[in-house]
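The values are calculated or read from the model by the stated rules, or taken from the named source; none is laboratory data. This one's a predicted model, so the numbers in the text were calculated from it and none came from an experiment. A quick note on method: Cβ atoms are made from the backbone with ideal geometry, for glycine too, and the neighbour counts reach across all protein chains shown. When the accessible area is computed, the model is the full protein with side chains, heavy atoms only, and any ligands, DNA or RNA have been set aside. Shrake-Rupley method; radii C 1.70, N 1.55, O 1.52, S 1.80 Å.
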2 protein chains.
Amino acid sequence: MVNLRVKFSSGYSTFPPVEKEVTKKVSLLNVLLDMGVNLTSICGGKGVCGKCKIKVNSGKEYLNKVTPLEHKQLSPKEINEGYRLSCRAVLESLEGVVEVEVPQTSLLRKQVLQVKGVEKKVEINPLVKKYFLQLPKPTLNSPYSDEDRIINALIDKEGVARERIRFSFPLLRDLPKILRDGKWEVTVTLRGNEIISVEKGDTTNEIYGFAVDVGTTKVAGFLVNLKTGETLVSSATMNPQIVYGEDVISRISYVIENGEKGLEELQKEIVKGINKLILDCCGKARVKEEEIYEHVLVGNTCMQLLFLGIWPQYLAFSPYTPVIRRGISVESEKLGIIGHPRSKTYFLPVIGGFVGADNVAVIIATDILESEKKIMAIDIGTNTEIDLGNKEQVMAASCASGPAFEGMHIKHGMKAAEGAIERVNINPFNVDIVDYVTIGETEPIGLCGSAMVDIVANLYKTGLINNKGTFNKEMMKETERLRKASEGYEFVIAWKKDTGMNEDIVFTQKDVREIQKAKAAIYTGSYLLMQETGIKEKEINKVLIAGAFGNYIDPENARLIGMYPEFPLKKIEVIGNAAGTGARLALISKEMRNKAEEASKKVKYLELGAHKNFNNEYLKALYIPHKEEKRFPETIKLLEKLKM
Amino acid sequence: MVNLRVKFSSGYSTFPPVEKEVTKKVSLLNVLLDMGVNLTSICGGKGVCGKCKIKVNSGKEYLNKVTPLEHKQLSPKEINEGYRLSCRAVLESLEGVVEVEVPQTSLLRKQVLQVKGVEKKVEINPLVKKYFLQLPKPTLNSPYSDEDRIINALIDKEGVARERIRFSFPLLRDLPKILRDGKWEVTVTLRGNEIISVEKGDTTNEIYGFAVDVGTTKVAGFLVNLKTGETLVSSATMNPQIVYGEDVISRISYVIENGEKGLEELQKEIVKGINKLILDCCGKARVKEEEIYEHVLVGNTCMQLLFLGIWPQYLAFSPYTPVIRRGISVESEKLGIIGHPRSKTYFLPVIGGFVGADNVAVIIATDILESEKKIMAIDIGTNTEIDLGNKEQVMAASCASGPAFEGMHIKHGMKAAEGAIERVNINPFNVDIVDYVTIGETEPIGLCGSAMVDIVANLYKTGLINNKGTFNKEMMKETERLRKASEGYEFVIAWKKDTGMNEDIVFTQKDVREIQKAKAAIYTGSYLLMQETGIKEKEINKVLIAGAFGNYIDPENARLIGMYPEFPLKKIEVIGNAAGTGARLALISKEMRNKAEEASKKVKYLELGAHKNFNNEYLKALYIPHKEEKRFPETIKLLEKLKM
């Protein structure tokens, strides 16, 4: 039996190391897919796309020899280092241990949200902790109060400062009964210095927290075991506020028009959405909702105000002042959030303008503020937040990139769920040949954000659109896929017969425009941040692409369409839902929470809307990759090579 | 015009110094009564009772000479020192200044509760404070948050620690509107480090607090200006819980029998009672209820638990453990208490058993814990708390003295209100002559506690009852006032024709028994405290009698019936509602609050119920003054003198 050990090579890997015992002589790709490792494999294991690259660290003697196909796809240096195409590497012997490393760039799809474990190693030190106490019974010689009895035990056990410990009031009401029913053996839950529950017996294993990343379009929730730090289960849903407006400005307008009542509606909607996630996760993990002792939330400043029910009007107008900068802790019950009756909801601090707690979460998850090297982090969403800097200084901006990548305003757009095409390739030699990969490997029913990036990049590479994003009618000669419909030109990605729908899946001229606007916003933000910080492209050592959507995009295609400045690909790292990760870190670590508060003070906010160069830069960035081609020399060189 | 300045000689005086301009040649008694100084005057200004004694410090040249009647009532030493009977001292000239000092012992009646001002001088430093802030408007160059804007201003103004200041959550909801409506000029209310309100404009003058003394039978409330420290108005009412049981044990029994529902009923009743006081005081002082930013409560441990809605069962059984010892601060709204929506109610710490926050309040009002001299403080009520000690050690006990002094279980008993007889004298040479004084000088309708003490003392002095408290039938020969009614022997205090009622006001054999039980409980507590602390009668420098009722009693008569050990009268001082005073002090001074928390830790609790000598001592103390006559040598000497 072969014991296959899998390691992931990125520091931001979302997987813990895993092992599997194998009893059949099959390809490593098959084994890895069986293990839930979602390797890219556009060609379906035929050894021609070269995407399922892995590195064999030990045990290569149990595998077949490197095949001719691999020699074509891999460089001699790579082969020398142990790289193989996993679809071509086959187990020959069934005795021994094979250690395999999977580079992040070979990973594809599967909701990162559903992945267990903590990405970044931090000491498990949550604000909320449980202590099992065996208390001395009161006697006439020691008739001191029930309260003192508990506090003394906590001091003995944990050295907590007596004067600062206090009881959450409502819990005192039944305290005398609980102590006596529990025969003086109880579990006390402390949040900071506050005792928020006293339970009979030893319940120290039942302690959970819930982290939520409130996006403008999507909300993701994570149920975390506060004793082990482990994320048990996660879930995502649309932000139910979306029917009141797709972006932050339109939601604020709704509130201004409808007054307090409108604000209350929006507050209730998001609470309903979060509660749905809580119930879903608790159901899956068989955890009781009242065992959730703390909630931690992140989201942009508008999400913060709407969630807390705070009047958001002034965020939408110059000088775009937030109401609360620091982290705020509110009784979950007061907000309507399901959990322990004395749970609090901590909303992480914000930075300024629309740059909110989600960005603070990205900062603590990526350690930008502690890094020697200069880092750019791009958290792509309906609002895209960008950070640039290192421990010397970090500046942040928010770009209104819109919800296109999340499926909105795109004719066949959809979220990254089963049936969504997530990867598209148009054969540059024959544009009639379009390959695609669908989530869940079912018949396609739409396009998710990563596919949109691939499509625009491919349309441009193949000359189907020009650098203004306009379809090239001439190309209709070469393929039936490009055609004129009632609403204008469109390109067919999947023919009706191959889909799960009653029509062809197409990408329209309008869809191209939507992607141009989105990518131009993100590019402009990145560019102006570089200008304002004085940090040049070359000085940036790492570009981190975050966001649920960011996790699936092809960094090369994204760069090709000009979504961000032209960094070398090796500097680009895809890190998944870093905001969610930051929220989970704040849930399990007080230190990370302190770092978040620090970050909120240290990071400088750049208001793009008020920047004198914004409009000019934005208009130039609408071009593919950019109106000023000299900013994308490598890309232009590649394109010219393709044209030849 | 004579300018009369009045000073009060006791350190525990409940009055501030006062002045009055006089334009008529009248007696000082008349002037003082006009000024609201309630001098004792049993004889109605005839110069025969000797009770209206005052001391003239300067300006005696503007008065008549000392009269022969005064020479009879005052000692040569007193006359030498300037003492006069105020009813006999008449203004002869109307030009000049007369300075008069009124000894506490000459003061009578008038609800102490209604007196303005702070008895004890403390620096006004309440936990809740208001600050008027003029904030810089946000601009694109300083777009920091509304929250930071307020916090920065507070730091500049008051040097408060940034990290510790936090906003009470609900207030944030309208914060952006309030700041802009108020054109960035606002008044911020801080409770400790928590911002609990932000109001438009300058409202620093509107800041009030409410102090409450929750007695088992009576509840007293005080509306206090937190800027000046002044008590504006006060009010008192019966504790509405009384219908559920007259004493703490019967109320706890009610809760045990009726469960959570019963506890909720009792909680709601007391809240209703307190709210009545708040509305009453606010109405009188024309203060809006929402301008009350903090409530401070005192009461015994049972009152504490019932007010907070905490299960009280275990307080009633050995080892009589309280639930919470330390002071506790709860959102007033959560408790149902009227005030500012973010007001908190602080219940002072307790000591142990039934010795509660009311006793802690007495301790901070009387400085026992800072005193070199040894002090005994007796706070008489349905539960009587006694403290004994000095800064070295203080021990406290609680005696179930019952509600007799508050009018309960006494045939014609009533509270100290208009129409209540408060002072009684039976002529020792002719027991048919009974003098009495009525509150409000109206026709009598009942007897208040102080009258009961006078009656029992007089009945005993005149031989109408013996040392077991039994009426002496033989005395029926000497007066028709002693008679046998259907329920046993009784003594007529006021004949029907002189009352405002349809019957004679009498004091029955059963009434005598009730007073015996009450005074025996108090004596036993005092005695056992002396035994346990090892402090002897002679070492005690001061005996402070507190309690609304304690304020009216005649210390000599109280001693004569054996309510407390036989201290020299000059050591006894009547200090009024010291528990209420302590509550008010905690309201206006953080330092006093800290002292209260200290007291709760330092003072030792003596459980009388479990004391081996309690029953034996109590039975001996039922005698008048005591079964062991040698414990009352002076009293016995006096009585023997009277018999001659």
| message | So for the stretch A:616-633 (the condition being within 14 Å of another protein chain (Cβ to nearest Cβ), open to solvent by 10 Å² or more (accessible area, probe 1.4 Å) and touching a residue at least 24 places away in the same chain (Cβ under 8 Å)), does at least one residue qualify? | response | no
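Out of curiosity, is A:G413 more than 14 Å from chain B (Cβ to nearest Cβ), touching an Asp or Glu at 6+ places or on another chain (Cβ under 7 Å) and open to solvent by 10 Å² or more (accessible area, probe 1.4 Å)?
Here the answer is no, as A:G413 does not meet what is asked.
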| task | Scan the stretch B:396-410 for residues that are surrounded by fewer than 21 Cβ atoms within 10 Å (Cβ to Cβ) and within 20 Å of the chain's Cα centre (by Cα) and jot them down. | result | B:A400, B:M408
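Filter the stretch B:244-253 for residues that are without any contact (Cβ under 8 Å) to a residue 12 or more places away in the chain and either hydrophobic (A, V, I, L, M, F, W, C) or in a loop (DSSP other than H, G, I, E, B) (or both) and give the result.
B:G245
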| query | Can you tell me which residue in the stretch A:305-324 is least open to solvent (accessible area, probe 1.4 Å), limited to those that are touching a Leu at 6+ places or on another chain (Cβ under 8 Å) and of a type in the set (S, T, N, Q)? | reply | A:T321
| Among the residues listed as A:I249, A:I292, the single one being open to solvent by 10 Å² or more (accessible area, probe 1.4 Å) and assigned by TED's automatic domain parsing to the domain that holds A:H340 | A:I249
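Answer with yes or no whether B:N577 is surrounded by fewer than 14 Cβ atoms within 10 Å (Cβ to Cβ) and assigned by TED's automatic domain parsing to the domain that holds B:L528. Break it down stepwise before answering.
Numbers: surrounded by fewer than 14 Cβ atoms within 10 Å (Cβ to Cβ): no; assigned by TED's automatic domain parsing to the domain that holds B:L528: yes.
Against the criterion (surrounded by fewer than 14 Cβ atoms within 10 Å (Cβ to Cβ) and assigned by TED's automatic domain parsing to the domain that holds B:L528), B:N577 does not qualify.
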| note | Reported set for the stretch B:485-518 where residues are within 19 Å of B:I553 (Cα to Cα) and touching a Gly at 6+ places or on another chain (Cβ under 6 Å) is B:V512, B:Q516, B:A518
| query | Do we have any residue at all in the stretch A:332-347 that's at the interface with another protein chain (Cβ under 8 Å from one of its Cβ atoms), touching a residue at least 12 places away in the same chain (Cβ under 8 Å) and basic (K, R)? | reply | no
| field | Single match in B:G353, B:G327 (criterion: touching a Leu at 6+ places or on another chain (Cβ under 9 Å) and more than 9 Å from every other protein chain (Cβ to nearest Cβ)) | value | B:G327
| request: Please go through the stretch B:118-136 and pick out each residue that is crowded, with 16+ Cβ neighbours inside 10 Å and at pLDDT below 90. | output: B:V118, B:E119, B:K120, B:V122
| request: Say whether the condition of being touching a strand residue (DSSP E or B) at 6+ places or on another chain (Cβ under 9 Å), surrounded by fewer than 21 Cβ atoms within 10 Å (Cβ to Cβ), assigned by TED's automatic domain parsing to the domain that holds A:G389 and in a helix (DSSP H, G or I) is met by at least one residue in the stretch A:509-531. | output: yes
| Which numbered condition A:L172 misses (of (1) closer than 19 Å to A:T204 by Cα; (2) surrounded by 19 or more Cβ atoms within 10 Å (Cβ to Cβ); (3) within 12 Å of chain B (Cβ to nearest Cβ)) | (1)
| Single unsatisfied condition, B:W311 versus (1) in contact with a Lys or Arg (Cβ under 8 Å, 6 or more places away or on another chain); (2) touching a residue at least 24 places away in the same chain (Cβ under 8 Å); (3) part of a helix (DSSP H, G or I) | (3)
| task | Confirm whether B:E478 is of a type in the set (D, E, K, R) and modelled with pLDDT under 95. | result | yes
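Consider the stretch A:454-499. How many of its residues are of a type in the set (A, V, I, L, M) and open to solvent by 50 Å² or more (accessible area, probe 1.4 Å)?
1
Residue-by-condition table, conditions (1) of a type in the set (S, T, N, Q); (2) more than 21 Å from A:G259 (Cβ to Cβ); (3) surrounded by 15 or more Cβ atoms within 10 Å (Cβ to Cβ); (4) within 7 Å of chain A (Cβ to nearest Cβ):
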| site | (1), (2), (3), (4) |
| --- | --- |
| B:P138 | no, yes, yes, yes |
| B:S145 | yes, yes, yes, yes |
| B:L154 | no, yes, yes, no |
| B:K157 | no, yes, no, no |
| B:I165 | no, yes, yes, no |
| B:L179 | no, no, yes, no |
| remark: Filtering the stretch B:195-234 for residues that are hydroxyl-bearing (S, T, Y), closer than 30 Å to B:L133 by Cβ and assigned to a strand (DSSP E or B) leaves a count of 3
| said: Among (1) surrounded by 16 or more Cβ atoms within 10 Å (Cβ to Cβ); (2) more than 23 Å from B:A285 (Cβ to Cβ); (3) away from chain A (no Cβ under 14 Å), there is one condition B:V224 misses while meeting the rest; what is its number? | reply: (2)
